[in-house]
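K.L.:
Dropping the structure in here first, questions after.
Rule-based calculations on the coordinates, nothing more; no lab input. Remember, it's a predicted structure, so these values are computed and weren't measured experimentally. Every residue, glycine among them, receives a Cβ derived from its backbone with ideal geometry; neighbour counts consider all protein chains shown.
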Amino acid sequence: MSGKSSSDSDMVNKGEVILMFPSIAEMNVKGHIIGGIQPSVCVPLVARNREGLLAEAATVAKIKPDIVEWRADYYSDVENCASISNALSSIREILVGYPLIFTCRVHSEGGYREINREVRVALIKEVIRTGQVDIVDIELETGREIISEIVDEAHRNQSYVIVSNHDFKKTPLKEEIVERMIRAQAYGANIVKLAVMPNSPQDVLTLLEATLQFRLKHARVPVVSMAMSGQGVVSRIAGFLYGSAITFAAGNAASAPGQISISKLRNAIETLSDAL
């Protein structure tokens, strides 16, 4: 595991526009920088079985994202640690050199299936010990004690932790979003992630404003945020302008409402970047 601190600020001067954020600890994962000037594009694997998973991994390798996330909660054999470990080994053979996030999402925050809490936490710890993943995701609602255990296990095994929070019903007030980000960071997150469901255009602005406020005033680690659904697509495209370090695109299938194809997403980000 390696990381580096930025200089006093991250700044890009393109024409008359200057984008500046306070320094944070950037993450270097397999040579890819997370938390730099440009957003990282992550594509999920969501296949239900081994054959589909390996085919999906091969397809994702061809579209060349920056990061790959395995959403293991979609996998039919997710509660079998040996099966998960074997699948990870096969994924690694296909996705050589790609930073890999392991996520077994809790059902209440968008996970595909119900999984016993203790089983899920034990699985995440076991996956960390395999040394085959670079980053694991654990939800903020899991609580400080278990998150601390996962952070300690991850750091012993040279990997990172995303502490995430997802609201599939609404967009909380800006102050609440910022508070959740601060709490995730305080719990030991190497990356803070927050996703909300917008019910109005104003909700998307609230999410972006909260992200900017956290990035400018509180962040010591990279932050990732998005408003879901079609209404929130703008946050996936332009979120990096407000401090979001990773954006998610669909591979074979989306893992959350509002994900668009990687080609459309990258073209839109490039258009925005060129205009600055």
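K.L.:
With θ set to phi - 60°, apply the Karplus curve 6.51 cos²θ - 1.76 cosθ + 1.60 along the stretch 113-126 and write out the HN-Hα couplings as whole Hz, x wherever there is a Gly or Pro.
P.N.:
With coefficients 6.51, -1.76 and 1.60, one gets 9, 6, 10, 3, 4, 5, 5, 5, 5, 4, 4, 4, 5, 5 Hz.
K.L.:
Just to check I understand the Karplus step: with θ = phi - 60° and J = 6.51 cos²θ - 1.76 cosθ + 1.60, what whole-Hz values come out for the stretch 79-95, glycine and proline as x?
P.N.:
With the stated coefficients, the stretch 79-95 comes to 8, 9, 4, 5, 5, 5, 4, 5, 5, 4, 4, 5, 4, 4, 5, 8, 9 Hz.
K.L.:
A further question follows. Give, in nm to one decimal, the length gained when the segment between ASN80 and ILE37 is fully stretched (0.36 nm per residue of separation minus the Cα-Cα distance).
P.N.:
Gain in length upon complete extension: 11.6 nm.
K.L.:
Apply the Karplus parameterisation 6.51 cos²θ - 1.76 cosθ + 1.60, with θ equal to phi minus 60°, to every residue of the stretch 146-153 and state each ³J(HN,Hα) to the nearest whole Hz, in sequence, with x for glycine and proline.
P.N.:
For the stretch 146-153, the Karplus-derived couplings read 5, 4, 4, 4, 5, 4, 4, 5 Hz, x marking Gly and Pro.
K.L.:
Same structure again: Mind checking the stretch 86-134 for GluC sites (Glu not before Pro) that DSSP puts in a loop (not H, G, I, E or B) and that have at most 15 other Cβ atoms within 10 Å?
P.N.:
Listed in order of number, the matching sites are GLU114.
K.L.:
Using only alpha carbon pairs under 8 Å that are at least six residues apart, calculate the relative contact order of the stretch 103-169 and give it in whole percent.
P.N.:
Relative contact order here is 36 percent.
K.L.:
Does anyone have the angle between helix 174-186 and the longest principal axis of the chain? Alpha-carbon axes, 0 to 90°, nearest 10?
P.N.:
With both axes taken from Cα atoms, the answer is about 50 degrees.
K.L.:
Measure up LYS64/LYS170; LYS125/LYS169; LYS170/LYS193; LYS30/LYS125; LYS30/LYS217; LYS62/LYS264 against 27 Å on the Cα-Cα distance and list the ones that go over. Numbers along the way, then the final one.
P.N.:
Numbers: LYS64/LYS170 33 Å; LYS125/LYS169 29 Å; LYS170/LYS193 16 Å; LYS30/LYS125 21 Å; LYS30/LYS217 29 Å; LYS62/LYS264 16 Å.
Long pairs (Cα-Cα over 27 Å): LYS64/LYS170; LYS125/LYS169; LYS30/LYS217.
K.L.:
Then there is this: Restrict the search to the stretch 104-174; then list the chymotrypsin sites (Phe, Trp or Tyr not before Pro) that DSSP places in a loop and that have at most 15 other Cβ atoms within 10 Å of their Cβ.
P.N.:
PHE168
K.L.:
Then there's this: If each DSSP helix of 4+ residues adds -39,500 (n - 2.57) and the sum is divided by the residues in the chain, what number results at 222 nm, nearest 500 deg cm²/dmol?
P.N.:
Result for the chain, helices only: -12000 deg cm²/dmol.
K.L.:
Moving on. Can you compute the equivalent ellipsoid semi-axes for the stretch 181-276, i.e. the square root of 5 times each eigenvalue of the Cα gyration tensor, sorted largest first and rounded to whole Å?
P.N.:
Details: eigenvalues 91, 44, 39 Å².
They are 21, 15, 14 Å, listed from largest to smallest.
K.L.:
Contact order normalised by length for the chain, with contacts defined as Cα pairs under 8 Å and 6 or more residues apart; what percent is it?
P.N.:
19 percent
K.L.:
Now for a separate question. Within the chain, what percent of beta bridges assigned by DSSP are antiparallel, to the nearest 5?
P.N.:
30 percent
K.L.:
Leaving out same-chain residues fewer than 8 places away, which aspartates and glutamates sit with a Cα under 16 Å from that of LYS174?
P.N.:
The qualifying aspartates and glutamates are ASP203, GLU209.
K.L.:
Can you pull out the trypsin sites (Lys or Arg not before Pro) in the stretch 68-124 whose DSSP state is coil and whose Cβ has at most 15 other Cβ atoms within 10 Å?
P.N.:
Working: sites: ARG71, ARG92, ARG105, ARG113, ARG117, ARG120; in loops: ARG105, ARG113.
Sites meeting the loop and neighbour criteria: ARG113.
K.L.:
Compare the peptides 30-41, 259-270, 190-201 by average per-residue count of other Cβ atoms within 10 angstrom and give them in order, highest first.
P.N.:
Top to bottom by mean Cβ count within 10 Å: 190-201, 30-41, 259-270.
K.L.:
Nearest 20 debye, what's the magnitude of the dipole of the stretch 2-275 about its Cα centre given +1 on Lys and Arg Cβ and -1 on Asp and Glu Cβ?
P.N.:
Details: 29 positive and 32 negative charges, 60 e Å.
The dipole of the stretch 2-275 has a size of about 280 debye.
K.L.:
Shifting gears a bit: What per residue convex hull volume, in Å³, comes out for the chain when only alpha-carbon positions are used?
P.N.:
Taking the convex hull of the Cα positions in the chain, it is 114 Å³ per residue.
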